[in-house]
Amino acid sequence: DTEVTQTPKHLVMGMTNKKSLKCEQHMGHRAMYWYKQKAKKPPELMFVYSYEKLSINESVPSRFSPECPNSSLLNLHLHALQPEDSALYLCASSQDLGQRYGYTFGSGTRLTVV
Amino acid sequence: KNEVEQSPQNLTAQEGEFITINCSYSVGISALHWLQQHPGGGIVSLFMLSSGKKKHGRLIATINIQEKHSSLHITASHPRDSAVYICAVGKRGAQKLVFGQGTRLTINP
């Protein structure tokens, strides 16, 4: 298995809802990433997990809460989002932290906040 | 000034043409990545380079470390090559990628 699988592919949520995005990989990668991408812009890093521990938080608002319950799974819990949070959320993984390793990206979850 | 600059921003060509997309960077890097993103879709990693040249099918990527420049070439372009191509660099000593703004490529039949 050489894929990063993200679910759901599309999500529409209200500003008072709580939802979660899921990311899964079975390549044995120990680093996992969440990115946010607005239309016609490059991805922006949100969080990095290394060996199931949070390594980088790019000053992301607390309404986004990441969780890494095991080495294959990465969740992003969403609560009280704003319409400006509507974007494509991409998950990625790499064998380890550091720049010697390539990245595998998922196909993303397109989130719309209404 | 962005640390990673791509050119052109937009490129339209006819099927069969040879395509070149350029990437210049201003920081020390450990590796450079070429990524492909189809409209509304996820990102596919095409190449990771730290020196020289790599080829995969009709795609060729080169990097000149001294000049801090990389190119992505597509030979015999096809409409299915239409996508956004993103150059990203791993800055030396950092743990995250720095992305270029992307090149939107359209190949007309």
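Assorted remarks:
- On the beta carbon distance between A:T2 and A:K22, with R0 = 22 Å, the FRET formula returns roughly 0.75.
- Relative packing of peptides B:79-89, A:77-87 - highest average C-beta neighbours within 10 Å first: B:79-89, A:77-87
- Dipole of chain A, positive end: most advanced residue of A:L90, A:G28, A:T2 [Cβ charges, Cα centre]: A:L90
- Largest to smallest in accessible area, the residues A:M32, B:M48, A:M15 fall in the order A:M15, B:M48, A:M32 (1.4 Å probe, all protein chains included).
- Rh (Kirkwood; distinct C-alpha pairs) - chain A, Å: 14.0 Å
- For chain B, the spread of Cα positions along the three principal axes, ordered from largest to smallest, is 44, 28, 23 Å.
- Dividing the convex hull volume of the alpha-carbon atoms in the protein assembly as shown by its residue count gives 124 Å³ per residue.
- Just checking the listed ones, B:A31, B:A94, B:A76: in the Gaussian network model of chain B with Cα springs under 10 Å, the one fluctuating most is B:A94.
- With a 10 Å cut-off around each Cβ of B:40-48, the average count of Cβ atoms from other chains is 6.
- About its Cα centre, the dipole of segment B:40-109 is roughly 180 debye, where the only charges are +1 on Lys and Arg Cβ and -1 on Asp and Glu Cβ.
- Taking all protein chains as shown and a probe of 1.4 angstrom, B:F47 keeps an accessible surface of around 10 Å².
- Summed over the residues of chain B and divided among them, the accessible surface reaches 48 Å² per residue at a probe radius of 1.4 Å.
- Isolated Cys in chain A, by beta carbon distance under 4.7 Å: A:C68
The values are calculated or read from the model by the stated rules, or taken from the named source; none is laboratory data. Keep in mind the model is a prediction, meaning the values are calculated, not measured. Ideal geometry is used to build each Cβ from the backbone, glycine not excepted, and the neighbour counts take in all protein chains shown. Surface areas here come from the heavy atoms of the whole protein model, side chains and all, with no ligands, DNA or RNA. Shrake-Rupley method; radii C 1.70, N 1.55, O 1.52, S 1.80 Å.
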